[in-house]
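Notes follow once the structure below has been shown.
Taken together, the values in this text are just the output of simple stated rules run on the coordinates, not laboratory data. Note that the structure is a prediction, hence the values are computed from the model and not measured. Don't worry about glycine lacking a Cβ; one is built from the backbone with ideal geometry, like all the others, and counts go over all protein chains shown.
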Amino acid sequence: MKQYIKKYGPRIGAAVMAVVLIAAIAAALLKGRAGLLANVTGSLSSAVGQAASSAAEWIEGIYGYIYEYDQLVAENNALRAQLAEAQQSIISANEFEEENVRLRELLNFAQRHTDYVLESAKITEWSSSNWESTFRISKGSDNATNPIEVGDCVITEYGALVGQIIELGDSWCTVRTVVDSGIDVGALVGEAGAVGMCVGEFSLMQQNELRLTYLSENAQLVEGEAVLTSGRGSIPQGLIIGYISAVLSEGNGQTIYGVVEPACDLGSLTQVFVITDFTIQE
């Protein structure tokens, strides 16, 4: 080391002095202006500062966008909830209006049939089977104002026959409709009041119709004629079953029968009325 210092010491000292001298001269010449190193450091510092500022502005913009987006989503959800509530109010109002119409019609019907004891019920469920046409109503043996029994008939507010109760629960009943393949109702048809039977057939059930058969001798059927209940069993007389849509024959034309379209639109029913009691006509 000593040999190195002896050999190169004067040169190193001269180099250091030269650097100091150059720095002094540069400082004198620049008169307060930044040198190369300071310029480089300052430029880097400025660039970093600008980048940091831009990043902060970008992050602030992203945050603002997310905040506004969340506000829009919340506002959209609130508007959707208000719209759903308004739509439900309209539906409820329409349902109340329709029910009022049904009750007014029922009142007119009841005034013409003061001997009928009626129990109102809502349809709660239709059968999912293709082999039957039945539905359930919201009244049963425990929650009906008037006692309901198996066999009671079910009508619309206009007095059109809908079907018969075939199963009775505590808070529900099953109703077999007039087109079900298991239905059979005594019928009167024509001005002369020819007696017959309306019975369900599977093939006709698929077309929402039933068969008028077992007619009294010399009975005449005409398309468009009304078919009424005859009063057999637990179904009062004079309820409208439907209208003859076709007159057909079988057995080489020896026997005629009618195809009957129900007076009630089964697909649009929401509320029905059970006749729990009535005066049997002599």
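For the range 108-240, the square roots of the Cα gyration tensor eigenvalues, ordered a ≥ b ≥ c, give a/c of at least 1.5 with a/b no greater than b/c, which places it in the oblate category. Multiplying the residue separation of Leu72 and Gln207 by 0.36 nm and removing their Cα-Cα distance gives an extension gain of 43.4 nm. Measuring r between the beta carbons of Thr270 and Tyr214 and using R0 = 41 Å, the FRET efficiency lands at 0.75. Label-to-label distance for Leu79 and Val117 is 5.7 nm, based on points extended 7 Å past Cα in the beta-carbon direction.
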